1. Condition test on E78, is it among the acidic types (D, E), modelled with pLDDT under 95, in contact with a Leu (Cβ under 7 Å, 6 or more places away or on another chain) and open to solvent by 10 Å² or more (accessible area, probe 1.4 Å)?
2. Looking at the stretch 91-106, I want the residues that are in contact (Cβ under 8 Å) with a residue 24 or more places away in the chain and have a partner that is in a helix (DSSP H, G or I) and among the basic types (K, R) with Cβ atoms under 7 Å, at least 6 apart or on another chain. Which pairs are those?
3. Would you mind listing the helices (runs of 4 or more DSSP H) fully within the stretch 1-103 where at least 1 residues are of a type in the set (G, A, S) and over 21 Å from the mean Cα position of the chain (by Cα)?
4. Inspect all residues belonging to the stretch 330-340 and state whether any of them is open to solvent by 50 Å² or more (accessible area, probe 1.4 Å), in contact with a Phe, Trp or Tyr (Cβ under 6 Å, 6 or more places away or on another chain) and over 14 Å from I38 (Cβ atoms).
5. With respect to the numbered conditions (1) in contact with a strand residue (DSSP E or B) (Cβ under 7 Å, 6 or more places away or on another chain); (2) at pLDDT 95 or above; (3) open to solvent by 20 Å² or more (accessible area, probe 1.4 Å), which one is the sole condition not fulfilled by S248?
6. Which number in (1) free of Cβ contacts under 8 Å to residues at least 60 places away in the same chain; (2) within 26 Å of A240 (Cα to Cα); (3) part of a loop (DSSP other than H, G, I, E, B) marks the one condition that G157 misses?
7. For K695, state whether it is modelled with pLDDT of 90 or more and over 22 Å from D781 (Cβ atoms).
8. Tell me, which strands (runs of 3 or more DSSP E) wholly within the stretch 632-727 include 1 or more residues that are without any contact (Cβ under 8 Å) to a residue 40 or more places away in the chain and surrounded by fewer than 18 Cβ atoms within 10 Å (Cβ to Cβ)?
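The values are calculated or read from the model by the stated rules, or taken from the named source; none is laboratory data. Keep in mind it's a predicted model, so treat the numbers as computed, not measured. Reconstructed Cβ throughout: ideal geometry from the backbone, glycine too, with neighbour counts over all protein chains shown. To get the accessible areas, we keep the full protein, side chains included, count just its heavy atoms, and leave off ligands, DNA and RNA. Shrake-Rupley method; radii C 1.70, N 1.55, O 1.52, S 1.80 Å.
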Amino acid sequence: MASPSSSPPPKLPIPGRRNILITSALPYVNNVPHLGNIIGCVLSADVFARYCRLRGYNALYICGTDEYGTATETKAMEEECSPKEICDKYHAIHSEVYKWFDIEFDKFGRTSSPQQTTICQAIFHKLMENNWLSENTMQQLYCDTCQRFLADRLVEGACPTEGCTNKAARGDQCDNCSHMLNPTELIDPKCKVCKNTPHIRETDHLFLDLPRIEDKLVNYINDTSVAGMWSQNAIQATNAWLKEGLKSRCITRDLKWGVPVPIEKYKDKVFYVWFDAPIGYVSITSSYTPEWERWWKNPDNVELFQFMGKDNVPFHTIMFPSTLLGTGENWTMMKTICVTEYLNYEGGKFSKSKGIGVFGNDAKDTNIPPEVWRYYLLMNRPEASDTLFTWTDLQAKLNSELLNNLGNFINRVLSFIAKPAGAGYDSIIPDAPGAESHPSTSVIAEKVSKSVEQYLDAMEKVKLKQGLKSAMGISTDGNRYLQDSEFWKLYKDNPASCAIVMKTSVGLVYLLACLLEPFMPSFSKEVLRQLNLSPEENISFSEENGESVKAKPPWDLVPAGHKIGRPVPLFEELKDEKVSEYREKYAGSQAERNSKAVADAEATKIANQTQSIALSGGSKKEQKKQSGNSKSKVAEAELSVAKLEIRVGLIRKAEKHPDADSLYVEEIDVGEEAPRTVVSGLVKYIPLEEIQNRKVCVLCNLKPVVMRGIKSDAMVLAASNEDHTRVELVEPPADAAVGERVTFAGHSGETEASLSGKSKVWEKLAADLRSNGDLVACYQDVPFMTSAGVCKVQTIANGEIR
């Protein structure tokens, strides 16, 4: 973590620049966010913030956890701890989930802060001074068993809205019909804590006088909804509220966990969460910079974009604007509101309270990379109507759109350029004079130019799904251009034309890395790494730099003579058996999954105990006889090559061992969260520059061993000749996916957890590992196989593999 002194100064509005303030609805802190929450607010806002940075706009992205209110108190009761402990726990969980999803906030804060109290109370005092608040006695549900007034979320009952069938509506809102409610309106209400029926008592509260602010509010809505191009669902939800007629809205609650009301009569009450939560955007900005007013009280120079799900619309188009207008101060008001409908799960609804769906930590546990999740959620973004998450749809989009379209195009282009001279361009971008007059190339250039214009138009209007489709269309056109050119024939028949096709195609690869960065940032970084270009210097589409990039034809985007890096596949196929596994694993609610996991563990424990008892039965003589009869079968099973966990690895970094001249220390990616450290004795056989970025076969379940002070967590497999004077790496095909398991036809089964020295399994199996006369790596003449083909060595036939 960087020290405070090395942190960049906070961003502030810059005169003459486009200054954009972006907020995402503050996720509530009482649970882990699910995929619907993520696409509905933080991910959508992140894509737009990244796009703004790509264009060179001065953008600030603010978010944080919403921590006050009844839901926190309720969760604290469930987990038998304090509200602060709940907030600390779930704030950390949210931060971790969003970091894994590559969400890049400028500030991710919290509402349970001193800044929140200061700013919230200051706004309250302004409303009091301007006479926008009133004091009223209201009837509220009181629970005799719990001896407390029940805040809205501590009550559940049947929704009173005509036609709604929800029997478990909350006291503030019905999730089924989205109507705002008061707890006393519920039919057959119950206390959520003790399940008893509460009764009505009178209590005094403070109200925001919305009817008196209505004229100011309607003028703001009419002007801004047009200028800010509000989404249709936001306009409809807002107009529905206005049509029903605005009513005074209570801003205080009988709770302990919240911002205290700063007047004596109400010192035991706190502000209602709908009143204080939107103020969290302001307070979190103030914790980012003491000059927060330059963002929030600067409407002439700052545009405010706010992202949320449809259930949050009234708080942002009615409540929060009314609060700011009531202060009489010059606030930066929301210009554009970006609203999503619901993402449903396999035929039902995602639900945090019921634990239904795929949650942020679940996505991480699948080992499906974050860029795949981002792509799927954004391509399936519920912009105009509800959409449905299904595992088969995720599989189809990954395998067809990412792997076979985008990944295939990029890998074909870069792999061909990387081939040695005589078969390719030895990793050097060729010159391409006359590209502008090359017929198919001029056609693709015109298509791409239109796609870029469509992309920019969609993104400026915050139509993120359309922007993504426009970018992916360039990949589709690029694949067709590449295939129709038959570049592999042109290379020998018409070298000049082939150079034009390949230089143009590598320009499209670069362009895709730029355009897709807001959607899949880790993908773009990897593509630029393979292009041997720096992300910091090269991902830009700004007004200053990007307009020239936009105007350039694709064959001019990467200069001739530039040397690319080592191409590797970008995506891995999601197989049917994995889809079935995930669908079963994430069926039902979290509680049901946890119960099933506990039951399965208990059943396994009992089965093991039963087996142990059964195996210990009978006389020692009988056991010895049975053991002797089955000894050969056990030994045969132990010698299955399936026990070896050999995976495709990529050497990300290699250097000399600091304490051993004959050893390399390598960082090898084998498809896990972090690369493995491997020590190998290859120094005198393979030069350091030749081992960098090589794809290799890695034995991953060999017991770790310390070699001259450094622990080696795996072994790189290599073949040697008879007198051990030459050693060569066993190499998978270039298209093999990093992390995929190397298999052997006719041999299946579970890998050994750890190949310890005592079992001698590795030593016995290694005796049958050799390269054959065709240079193919084999176990007893059965090839080392990957999804892209067999693994081979370069020149050593019939060599030992160790």
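1. Details: among the acidic types (D, E): yes; modelled with pLDDT under 95: yes; in contact with a Leu (Cβ under 7 Å, 6 or more places away or on another chain): no; open to solvent by 10 Å² or more (accessible area, probe 1.4 Å): yes.
Criteria not met by E78.
2. That search, which allows pairs on different chains as well, returns W100/K364; F101/R374; D102/R374; E104/R50.
3. 70-79
4. Within the stretch 330-340, the subset open to solvent by 50 Å² or more (accessible area, probe 1.4 Å) is 330, 335.
Still in the list and also in contact with a Phe, Trp or Tyr (Cβ under 6 Å, 6 or more places away or on another chain): none.
Looking through the stretch 330-340, none of the residues is open to solvent by 50 Å² or more (accessible area, probe 1.4 Å), in contact with a Phe, Trp or Tyr (Cβ under 6 Å, 6 or more places away or on another chain) and over 14 Å from I38 (Cβ atoms).
5. Looking at each condition in turn, S248 falls short on (2).
6. The failed condition is (3).
7. Numbers: modelled with pLDDT of 90 or more: yes; over 22 Å from D781 (Cβ atoms): yes.
Criteria met by K695.
8. Details: elements: 646-657, 660-669, 676-680, 695-699, 705-707, 710-712, 718-720.
Strands (runs of 3 or more DSSP E) meeting the threshold: 646-657, 660-669, 676-680, 705-707, 710-712.
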